[in-house]
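As structure tokens, the structure follows; a few thoughts come after it.
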Amino acid sequence: MPQKTFPMTEKTRIKRGANRASYDRDLAYQIIDEAMVCHVGFAVKDQPYVIPTFPWRVGDFLYIHGAKGGHMPGQVADGGKACIDITLLDGLVLARSAFHHSVNYRSVIVFGEGQRVDHVEEKADLLDRMITKIDPARARAVRAANKKELARTSVIGFGLKEVSVKVRSGPPVDDEEDYALPVWAGVLPVSLTAGGLQTDPQLMADVPMPDAAAWSVFGAPQQR
Ligand SMILES: Cc1cc2nc3c(=O)[nH]c(=O)nc-3n(C[C@H](O)[C@H](O)[C@H](O)COP(=O)(O)OP(=O)(O)OC[C@H]3O[C@@H](n4cnc5c(N)ncnc54)[C@H](O)[C@@H]3O)c2cc1C
């Protein structure tokens, strides 16, 4: 059984804003499970790169995928070091002074070394779970990746071992004298929401529309 909290390491010790730090595994996993974007940072010689991609989690592993032969997969897949950021923006924090403007957020940083998934059935299962993250019903309905598609795809796992979480919530924190300023202050909550579905013009007739607003990536709990 993994520990309920991640151990704090030299790399993951939150120095700035330590009151917002957490190493809680469940909280980190909630954030990862809600996120549809992560940024994978890696260095080639002395040049850093950051590449956005789609993250999903299975147990204590974070997965990403990419085209075989792609730069980022090639750099991180076989034990390459990466630092992955996953951030959910929750609100704009509007203070009375320019200086104290901020944002409410939940963010996770993962340090790890990529492990390429070679086993074809494991790869197929993981890609199925990627679609499941969006909507389990969709994963059951779509055509699964075939052998050729699987061969063209790299799936890379990162063990969730060295992880930090930072969360800001609540109103602005202004300087004492600024509370007397006649400037509106507070929080403007923001969230990712589903827009209206835009049907593919080539869709066959009579195919039912999914209820995208109910998907868990938009905050709705879902049966896995
Ligand atoms: C959307 C967004 C906007 C932000 N805007 C600003 C801004 O404008 N100015 C600003 O100063 N800060 C901002 N932050 C906070 C920022 O992410 C850093 O936490 C902060 O700048 C301190 O950086 P540092 O390198 O000094 O952190 P340190 O405390 O030195 O970092 C040490 C370790 O703490 C962990 N850590 C640091 N930050 C985070 C994090 N956000 N989430 C998870 N783990 C973390 C990492 O493991 C890192 O290696 C923002 C955060 C988010 C999510």
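Taken together, the values in this text are just the output of simple stated rules run on the coordinates, not laboratory data. Since we're looking at a predicted model, the values are computed, not measured. For neighbour counting, all protein chains shown are included, and Cβ atoms are generated from backbone atoms with ideal geometry for every residue, glycine included.
See the values below:
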{"item": "For the chain, the longest site-free run once chymotrypsin sites (Phe, Trp or Tyr not before Pro) in DSSP loop states with at most 15 other Cβ atoms within 10 Å are removed", "result": "1-98"}
{"item": "In nm, spacing of pseudo-spin labels at ALA212 and GLU122 (7 Å Cα→C-beta vector)", "result": "3.4 nm"}
{"item": "Rel. contact order, % - alpha carbon contacts under 8 angstrom, at least six apart, the chain", "result": "25 percent"}
{"item": "Residue among GLN202, GLN47, GLN115 with the largest mean-square fluctuation in a Gaussian network model of the chain, springs linking Cα atoms under 10 Å", "result": "GLN202"}
{"item": "Of GLY157, GLY186, GLY196, the one that fluctuates the most in a GNM where the chain has Cα springs shorter than 10 Å", "result": "GLY196"}
{"item": "Rounded, prolate or oblate (a/c below 1.5 giving rounded, otherwise prolate when a/b exceeds b/c) for the chain by Cα gyration tensor", "result": "oblate"}
{"item": "Surrounding net charge for ARG106, when Lys and Arg each add one and Asp and Glu each subtract one, Cβ distance under 13 Å", "result": "-3"}
{"item": "Residue among LYS81, LYS45, LYS166 with the largest mean-square fluctuation in a Gaussian network model of the chain, springs linking Cα atoms under 10 Å", "result": "LYS45"}
{"item": "Cβ-based net charge around GLN75, under 15 Å, with every Lys or Arg adding one and every Asp or Glu removing one", "result": "+1"}
